[in-house]
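A.B. asks: One structure follows; several queries about it will come next.
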Amino acid sequence: MSKLNIVLFGPPGAGKGTQSEFLIKHYKLVHLSTGDLLRAEIKAESELGLQAKDLMDRGELVADAIVIGMIRNKMEAHLDAKGFIFDGFPRTRAQAEALDAMLEVKEEPITAMLALEVPEAELVKRLLDRGATSGRTDDKDEAVIQNRIREYMEKTAPLKEYYSAQGKYKAIDGVGSIEDITQRLMKALG
Ligand code: ADP
């Protein structure tokens with residue numbers, strides 16, 4: 001049976017992490033969130049974490065080579081997975097190309113890119129709300145949030161065209177209850 005490899009896409013605050021939690025359980029997939037992996041490196045005070053921290057605190061993207069290497073390691077550690085949910089990755093064209101190259105070797109291509117769409121004002125509100133409880137420093141400061149959204153618009157949003165060209169891009173309305181949005185995602189997966 002072919003594997004289910006999903007790119008869960010969307011701007012910061014779109015709900016990728018929240019929706020991943022359900023999808024990994026339902027489809028028995030392995031969750032690969034580069035944001036979570038980077039925060040684990042910071043917590044462990046590793047060399048990589050130290051390098052990433054300043055960029056993350058400013059709301060800028062971490063170098064492609066670093067996140068691609070982390071994804072490669074995790075995929076190799078889960079060779080028997082039924083599939084992966086890529087959450088917060090790829091964020092640049094170089095990352096998308098590297099991911100395709102890694103999956104091509106295994107002959108397990110991306111099944112679909114599900115893009116959660118949420119208006120910008122709603123994103124800022126959600127992130128500031130999350131910042132009040134999550135302890136994530138990059139969610140506390142509105143200037144940092146705006147910078148993350150700007151990085152998304154400039155470097156990440158163009159990936160919609162990359163996946164459209166492969167016939168894999170599916171837009172999902174990301175406003176509504178968590179359950180409603182989950183239903184929309186499952187329907188898109190067929
Ligand atoms: P959110 O999508 O809510 O902003 P993430 O946890 O996905 O949160 O990302 C937090 C930060 O981690 C980003 O602002 C960026 O600095 C860094 N990061 C995460 N994933 C990547 C990636 N694929 N490429 C570059 N930087 C990344």
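The values are calculated or read from the model by the stated rules, or taken from the named source; none is laboratory data. Computed from a prediction, not measured in an experiment: that's the story for all the values here. Cβ coordinates were reconstructed from backbone atoms using ideal geometry, including for glycine residues, and neighbour counts include every protein chain displayed. Surface accessibility is based on the protein's heavy atoms, side chains included, excluding ligands, DNA and RNA. Shrake-Rupley method; radii C 1.70, N 1.55, O 1.52, S 1.80 Å.
A.B. asks: Which of the lysines could be linked to Lys140 by a straight reach, that is with a Cα gap under 16 Å, when you skip same-chain ones fewer than 8 residues away?
C.D. replies: The reachable lysines, counting only those whose Cα sits under 16 Å from Lys140, are Lys53, Lys125.
A.B. asks: For the chain, what does the helix formula give at 222 nm: sum of -39500 (n - 2.57) over DSSP H segments with n ≥ 4, over the residue count, nearest 500 deg cm²/dmol? Display every interim value, and only then the final one.
C.D. replies: Numbers: 9 runs with 106 residues, N = 190.
So the helix-based figure for the chain works out to -17000 deg cm²/dmol.
A.B. asks: Using a probe radius of 1.4 Å on heavy atoms only, what accessible surface per residue do you get for the range 139-190? Whole Å² is fine. Walk me through the numbers on the way to the answer.
C.D. replies: On the way: 2940 Å² over 52 residues.
Heavy-atom SASA per residue in the range 139-190 reads 56 Å².
A.B. asks: 5 Å is the cut-off here: which amide hydrogens, built 1.01 Å from N in the peptide plane, fall below it relative to His31, excluding neighbours closer than 5 in sequence?
C.D. replies: Residues meeting the criterion, in which the H sits 1.01 Å from N, are Ile85.
A.B. asks: For the range 145-190, taking Cα atoms only, what is the radius of gyration to one decimal and the Dmax to the nearest whole Å?
C.D. replies: 13.1, 35
A.B. asks: Quick one: give the max-minus-min coordinate of the C-alpha atoms of the chain along each principal axis, largest first, in Å.
C.D. replies: Per principal axis, max minus min of the Cα coordinates gives 45, 39, 29 Å.
A.B. asks: Further question on the same structure: Show me the ranking of peptides 79-91, 163-175, 43-55, 4-16 by mean Cβ neighbours inside 10 Å, starting with the highest.
C.D. replies: On the way: 79-91: 19.3, 163-175: 15.4, 43-55: 13.3, 4-16: 23.7.
So the order, starting with the most tightly packed, is 4-16, 79-91, 163-175, 43-55.
A.B. asks: Which of the aspartates and glutamates could a cross-linker bridge to Lys25, judged by Cα under 18 Å and excluding same-chain residues fewer than eight apart?
C.D. replies: Asp36, Asp80, Asp87, Glu179, Asp180
A.B. asks: Considering only protein heavy atoms and a 1.4 Å probe, what is the carbon-and-sulfur percentage of the accessible area of the chain?
C.D. replies: Details: 5240 of 9860 Å².
Its accessible area is 53 percent carbon and sulfur atoms.
A.B. asks: Suppose every Lys and Arg Cβ carries +1 and every Asp and Glu Cβ carries -1, with no other charges. What dipole size does the range 1-70 come out with about its Cα centre, to the nearest 20 debye? Walk me through the numbers before you get to the answer.
C.D. replies: On the way: 8 positive and 9 negative charges, 92 e Å.
Dipole size: approximately 440 debye.
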